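Visitor: Okay, handing you the structure first.
The values are calculated or read from the model by the stated rules, or taken from the named source; none is laboratory data. All of these numbers come straight from a predicted model, not from anything done at the bench. Please note: Cβ atoms are built from the backbone with ideal geometry, for glycine as well, and neighbour counts cover all protein chains shown.
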Amino acid sequence: MQVDKQLLQHFESGLDPQRIERSEIPAVLLGYGEISAIFRIKGEDRAAFKRMPLFSDLGSAEAYVRLYREYCRHLGEAGLTLPDHDTVIIQVPGRPVVVYIAQERLPTDHFGHRLIQTLDKKSCLRLIEQVAREITKVWRYNAHYAPDVELALDGQISNWVRHGGENDPLVYIDTSTPFFRLGGVEQLDPEPLLKSAPAFLRWVLRWMFLDDVMNRYYDPRQVLIDIVANFYKEQRPELIPGAVDIFNQFLPDKLKRLTAADAEKYYREDKMIWTLFLAFRRVDRWLTTKLLRRRYEFILPGKIRR
């Protein structure tokens, strides 16, 4: 995929991050990650965009794009199917350097978190088993190539798209946080990612949560617990017992089996952390725009049901 850089330059120049639908080139929100928004831009209907205004200079943005491309390459080598994609770096004077990640726009109702709202329970469990099989490809890759190369991934149900029949591989879309290690050394510098947090909160995140967040997605058991716990957020807790049974079949023998209680405990802690994080971001937006009269660069979600 190759997107129009001039269109993105024009879009970024006229963007209102707080009301993107009123920007000079209007945009339509498609969804949110924990630190970034996904949207469609008028004039480029083929792609879904994720905007990352995290970089203080061109060099750091270019370094991130190199990591992103290498991460996608390794995921492909591991056997995952990724959407067609592109990256564009945009500079507007007086603002952070922005990286846009463009991905082929896939049907909204084919995303995993949408499918589990419409499929019957048996079909939902088949989808969950598909996710388990795809994730296992990454652990096999790591077992073969670590410590030279070791990949992490966030396997939540919303990160998988059924773009074909039930027997076709799922498409994995969450590639914007390129966690991978070479020779046992983490390649991603987390400092740019911390810029999405309020300045007064960053030291707490470094101290209390950074290592945990960066390490959990390398741990097969933690990845699977995270997926199971996410069914609470998606309002489908009745899928949890079946999901636990499925994932335990794919968990390496040396690791402790998952339980529904593990998922419930994880969900309570995760919900508290992300609810507080979003609340602090909203406070930071108010302070920046209302008190300091400055532009707030990040697109924040409305109320999220957890």
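Visitor: Ala48 versus (1) crowded, with 17+ Cβ neighbours inside 10 Å; (2) more than 19 Å from the chain's Cα centre (by Cα); (3) closer than 30 Å to Asp270 by Cα: which is the lone unmet condition?
Guide: Of (1) crowded, with 17+ Cβ neighbours inside 10 Å; (2) more than 19 Å from the chain's Cα centre (by Cα); (3) closer than 30 Å to Asp270 by Cα, only one is false for Ala48: (2).
Visitor: Still on this structure, please answer the following. Among Pro237, Pro198, Pro220, Pro241, which is the only one that is touching a residue at least 60 places away in the same chain (Cβ under 8 Å) and more than 30 Å from Glu77 (Cβ to Cβ)? If you could, list the steps in order and put the result at the bottom.
Guide: Working: Pro237 fails: touching a residue at least 60 places away in the same chain (Cβ under 8 Å); Pro220 fails: more than 30 Å from Glu77 (Cβ to Cβ); Pro241 fails: touching a residue at least 60 places away in the same chain (Cβ under 8 Å).
The match here is Pro198.
Visitor: Identify all residues within the range 51-82 that are surrounded by fewer than 19 Cβ atoms within 10 Å (Cβ to Cβ) and not in a helix (DSSP H, G or I); write none if there are none.
Guide: Ser56, Asp57, Gly79, Thr81, Leu82
Visitor: Now for a separate question. Regarding the range 106-113, can at least one residue be identified that is farther than 14 Å from Pro178 by Cα, among the polar types (S, T, N, Q), touching a residue at least 24 places away in the same chain (Cβ under 8 Å) and surrounded by 14 or more Cβ atoms within 10 Å (Cβ to Cβ)?
Guide: No, the range 106-113 has no match at all.
Visitor: Tell me, please, whether a residue that is in contact (Cβ under 8 Å) with a residue 60 or more places away in the chain and closer than 26 Å to Asp154 by Cα can be found in the range 18-27. Write out each step before concluding.
Guide: At the first step, the residues of the range 18-27 found to be in contact (Cβ under 8 Å) with a residue 60 or more places away in the chain are 18, 20.
Those still in the list that are closer than 26 Å to Asp154 by Cα too: none.
No - not one qualifying residue is present in the range 18-27.
Visitor: Something else now. Please count how many residues of the range 159-175 are among the polar types (S, T, N, Q) and surrounded by 21 or more Cβ atoms within 10 Å (Cβ to Cβ). Break it down into steps so the answer makes sense when it comes.
Guide: The initial filter retains those residues of the range 159-175 that are among the polar types (S, T, N, Q), namely 159, 167, 175.
Right, trim to surrounded by 21 or more Cβ atoms within 10 Å (Cβ to Cβ) and you get 159, 175.
Counting residues in the range 159-175 that are among the polar types (S, T, N, Q) and surrounded by 21 or more Cβ atoms within 10 Å (Cβ to Cβ) gives 2.
Visitor: Further question: Is it the case that some residue within the range 83-99 is polar (S, T, N, Q), surrounded by fewer than 19 Cβ atoms within 10 Å (Cβ to Cβ) and more than 18 Å from the chain's Cα centre (by Cα)?
Guide: yes
Visitor: Against the definition (touching a strand residue (DSSP E or B) at 6+ places or on another chain (Cβ under 7 Å), of a type in the set (Asp, Glu) and under 17 Å from Phe39 (Cα atoms)), how does Asp174 come out, yes or no? Spell out how you get there, then give the answer.
Guide: Working: touching a strand residue (DSSP E or B) at 6+ places or on another chain (Cβ under 7 Å): no; of a type in the set (Asp, Glu): yes; under 17 Å from Phe39 (Cα atoms): yes.
No; evaluated as a whole, the condition is false for this residue.
So that you can scan it fast, the table gives a plain yes or no per residue for (1) among the hydrophobic types (A, V, I, L, M, F, W, C); (2) part of a helix (DSSP H, G or I); (3) surrounded by fewer than 17 Cβ atoms within 10 Å (Cβ to Cβ):
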position: His144; (1), (2), (3): no, yes, yes
position: Gly155; (1), (2), (3): no, no, no
position: Leu210; (1), (2), (3): yes, yes, yes
position: Val213; (1), (2), (3): yes, yes, yes
position: Tyr232; (1), (2), (3): no, yes, no
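Visitor: Quick one: in the range 176-195, of everything that is touching a residue at least 60 places away in the same chain (Cβ under 8 Å) and outside any helix (DSSP H, G or I), which residue is surrounded by the fewest Cβ atoms within 10 Å (Cβ to Cβ)?
Guide: Residues of the range 176-195 touching a residue at least 60 places away in the same chain (Cβ under 8 Å): 176, 178-180, 187-189, 192-193, 195.
Filter once more, keeping what is outside any helix (DSSP H, G or I): 176, 178-180, 187-189, 195.
Numbers: Ser176: 21, Pro178: 20, Phe179: 21, Phe180: 21, Gln187: 16, Leu188: 19, Asp189: 12, Lys195: 18.
Per the criteria, the residue is Asp189.
Visitor: Yes or no: Gln2 over 27 Å from Leu182 (Cβ atoms), without any contact (Cβ under 8 Å) to a residue 60 or more places away in the chain and of a type in the set (S, T, N, Q)?
Guide: Taking the combined requirement at face value, the residue does not satisfy it.
Visitor: Hey, among the residues in the range 77-110 that are over 30 Å from Ala143 (Cα atoms) and among the small types (Gly, Ala, Ser), which one's modelled with the lowest pLDDT?
Guide: Among them, the one singled out is Gly94.
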